[in-house]
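Quick notes on the structure that follows.
The values are calculated or read from the model by the stated rules, or taken from the named source; none is laboratory data. As the structure is a prediction and not an experimental result, all values here were calculated from the model. Glycine also receives a Cβ, built like all others from the backbone with ideal geometry; neighbour counts cover every protein chain displayed. In case anyone asks, the SASA skips ligands and DNA or RNA and just uses the protein heavy atoms, side chains included. Shrake-Rupley method; radii C 1.70, N 1.55, O 1.52, S 1.80 Å.
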Amino acid sequence: MTVLVINSGSSSVKFQVVDVEQADGVLHGIVERIGESDATVAVTYRGETTERTLEIPDHDAALRTAFETMAEAGLSLADAGVTAVGHRVVHGGTVFSEPTLIDDDVVATVDRLSALAPLHNPANVKGIEVARRELPDVPQVAVFDTAFFHALPAAASTYAIDRDVAREHDIKRYGMHGTSHEYVSGRVAEFLERDPQSLNQIVLHLGNGASASAVRGGAAVDTTMGLTPLEGLVMGTRSGDIDPGIVMHLRRSADLDVDGIDTLLNRRSGIKGLSGVTDFRELRRLVDDGDDDARLAFDVYVHRLRKYLGAYMIGLGRVDVVTFTAGVGENSPEVRAAALADLENYGIVLDAERNAVRSKDARVISADSSAVTVLVVPTDEELAIARAAVALTSS
């Protein structure tokens with residue numbers, strides 16, 4: 001029950017060998033700056049990290065280098081006993097609503113869906129193609145970020161545009177980060193020793209990409225990301241919600257074409273666009289140093305987060321748990337404190353000392369008097385993908 005999990009991005013590939021039975025990442029690594037002469041690969045195995053810097057021209061070379069470095073680190077792919085490969089795929093459109101065994105038709109469909117996730121699906125396809133060539137006899141499974149949100153209520157998933165245009169072009173709210181939201185909401189129920197059916201939850205996945213979800217009885221009823229990963233919360237380089245009229249205004253007044261606007265909103269906006277940095281640790285350093293742009297970026301980020309928190313509290317009617325996860329959510333007590341400030345009248349009381357604790361474990365950070373439990377629960381998308389791959393290939 002050992003799974004190689006691959007998360008292939010446009011210029012990086014993250015990978016992990018997961019022992020599903022032990023719920024443990026045996027080895028993990030990352031290849032960065034694919035296409036550059038100074039690309040890097042780092043593999044960590046048994047607490048030791050092996051690193052290399054070299055030219056990696058494409059994803060074929062990236063995965064071959066990853067496998068070679070695994071062997072250098074002490075665990076070759078042949079010796080790892082891999083029984084399946086699980087691939088993170090960002091967008092499944094209306095076609096894929098559950099983990100799917102990969103064949104040629106699946107690859108072609110994922111590629112066709114690249115129109116809905118142009119920054120993500122093409123890279124996912126590259127990773128799949130290379131892994132299938134390198135491991136032709138090992139079953140490979142696609143796990144879709146959109147799957148958890150596939151059954152959103154129509155009122156939450158429908159955009160108020162011409163219905164015929166929407167149907168023709170598959171325009172609806174799909175949501176992303178679903179693998180993380182499903183895993184974390186399930187871990188919350190385990191941690192609290194509660195039946196998932198009894199819980200109303202808000203999950204805040206805050207990383208370079210950020211999204212929130214409302215989960216009632218184990219099922220998602222709303223989420224912030226939409227047709228693409230651009231909608232919703234302010235992110236590292238993405239704008240999140242904007243007035244759609246801004247797109248037309250930029251086209252007319254700034255003479256930006258579609259690709260220029262796409263680059264602006266996806267790569268030059270969010271925290272980076274407001275402050276010049278993407279790393280939240282650097283942002284906090286700038287805030288502490290009195291940088292006004294950084295302070296505004298932090299305030300805008302929190303303002304949007306609180307806006308959706310309030311909306312989901314009303315939408316759910318009763319909230320039992322609010323959970324922070326992912327890089328910023330797990331590691332920034334300042335964000336957590338600002339997001340939940342002055343909500344005592346809504347049943348949310350944060351414990352300052354608990355919130356300040358640094359830990360990789362799931363933990364309560366609300367006060368004993370808080371009617372709503374506030375948690376930090378580390379996400380583990382790789383384990384979730386590995387479990388899905390095992391469940392599908394062993395059935």
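Pick from the range 8-47 the residues that are polar (S, T, N, Q) and modelled with pLDDT of 90 or more: which of them is surrounded by the most Cβ atoms within 10 Å (Cβ to Cβ)? Spell out how you get there, then give the answer.
First, the residues of the range 8-47 that are polar (S, T, N, Q): 8, 10-12, 16, 22, 37, 40, 44.
Applying the additional criterion that residues be modelled with pLDDT of 90 or more yields 16, 40, 44.
On the way: Gln16: 23, Thr40: 17, Thr44: 16.
Checking each candidate, the answer is Gln16.
Go through the range 139-171 and report how many residues are touching a residue at least 60 places away in the same chain (Cβ under 8 Å) and either basic (Lys, Arg) or in a loop (DSSP other than H, G, I, E, B) (or both).
Selection size over the range 139-171: 6.
Tell me the residue from Leu116, Leu135, Leu75 that is under 19 Å from Asp60 (Cβ atoms), at pLDDT below 95 and either surrounded by 14 or more Cβ atoms within 10 Å (Cβ to Cβ) or β-branched (Val, Ile, Thr) (or both), please. Before you say what the answer is, go through the steps one by one.
Working: Leu116 fails: under 19 Å from Asp60 (Cβ atoms); Leu75 fails: under 19 Å from Asp60 (Cβ atoms).
Going through Leu116, Leu135, Leu75 in turn, the sole match is Leu135.
Can you tell me which residue within the range 153-205, out of those that are among the aliphatic types (A, V, I, L, M), within 28 Å of Ala371 (Cα to Cα) and more than 16 Å from the chain's Cα centre (by Cα), is most open to solvent (accessible area, probe 1.4 Å)? Outline the logic, then answer.
Kept after step one, since they are among the aliphatic types (A, V, I, L, M), are these residues of the range 153-205: 154-156, 160-161, 165-166, 171, 176, 184, 188-189, 192, 199, 202-204.
Restricting the remaining residues to those that are within 28 Å of Ala371 (Cα to Cα) gives 156, 184, 188-189, 192, 199, 202-204.
After this cut, where a residue has to be more than 16 Å from the chain's Cα centre (by Cα) as well, the list is 156, 188-189, 192, 199.
Details: Ala156: 16, Val188: 0, Ala189: 4, Leu192: 48, Leu199: 0 Å².
Going through the qualifying residues, I end up with Leu192.
Output the number of the condition that Ile242 fails; it satisfies all remaining conditions of (1) in a helix (DSSP H, G or I); (2) closer than 30 Å to Val376 by Cβ; (3) open to solvent by 40 Å² or more (accessible area, probe 1.4 Å).
(1)
Which residues, counting only those in the range 75-116, are in a loop (DSSP other than H, G, I, E, B), in contact (Cβ under 8 Å) with a residue 24 or more places away in the chain and in contact with a Phe, Trp or Tyr (Cβ under 9 Å, 6 or more places away or on another chain)? Spell out how you get there, then give the answer.
First, pick out the residues of the range 75-116 that are in a loop (DSSP other than H, G, I, E, B): 75-81, 90-99, 102-103, 116.
Imposing the further condition that a residue be in contact (Cβ under 8 Å) with a residue 24 or more places away in the chain reduces the set to 75, 77, 80-81, 90-94, 96-99, 102, 116.
If the condition is that a residue be in a loop (DSSP other than H, G, I, E, B), in contact (Cβ under 8 Å) with a residue 24 or more places away in the chain and in contact with a Phe, Trp or Tyr (Cβ under 9 Å, 6 or more places away or on another chain), then Leu75, Leu77, Val90, His91, Gly92, Gly93, Thr94, Phe96, Ser97, Glu98, Pro99, Leu116 are the ones that fit.
For Asp222, are the conditions met, namely being touching a residue at least 60 places away in the same chain (Cβ under 8 Å) and open to solvent by 30 Å² or more (accessible area, probe 1.4 Å)? I'd like the intermediate steps shown before the answer.
On the way: touching a residue at least 60 places away in the same chain (Cβ under 8 Å): yes; open to solvent by 30 Å² or more (accessible area, probe 1.4 Å): yes.
Here the answer is yes, as Asp222 does meet what is asked.
State all residues of the range 255-273 that are open to solvent by 70 Å² or more (accessible area, probe 1.4 Å) and either in a helix (DSSP H, G or I) or at positive phi (or both); if no residue qualifies, say none.
Taking the range 255-273 as the starting set, the residues that turn out to be open to solvent by 70 Å² or more (accessible area, probe 1.4 Å) are 255, 257-259, 267-268, 272.
Passing the criteria: Asp255, Val258, Asp259, Arg267, Lys272.
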